[in-house]
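Please treat every number below as a calculation from the coordinates, not as lab data. What you see is a predicted model, and the numbers here were worked out from it, not measured in a lab. Note that each Cβ is placed from the backbone with ideal geometry, even for glycine, and that neighbours are counted across all protein chains shown.
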Amino acid sequence: MKKYGALLAGAALVLVTACDEQAVQSMGSTAAAELNCVAKTNEVVGVSGSSVSDVTKLEDGYSVLMKVPEAEQPWVCETDLAGNAKTVFYLGEG
């Protein structure tokens, strides 16, 4: 019985993982760009709580304007067409 329980648990984990990936894909590239840019900006800047101010669709991806806690100017996150964060940079000095 334990053998089948472990097998079912493993199958359930695979299904949940597949559902999560499908959910991100179905939400669209813009939403993926926003989520990925929040995570990448928080990682690069070393903060939590960054938020999206604006999203611009470009020919080769998205430019996401980010509001970062305690930053005087916005940060920008650039993604590919699928919404994968590629670069993050600060628009202010310093």
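Data for the structure
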| item | result |
| --- | --- |
| For region 28-90: relative contact order, % (alpha-carbon pairs under 8 angstrom, 6 or more apart) | 34 |
| Hydrodynamic radius by Kirkwood, which averages 1/r over all alpha carbon pairs of region 28-90, in angstrom | 11.0 |
| Pair THR56, GLU43: separation of 7 Å Cα→Cβ label points (nm) | 2.5 |
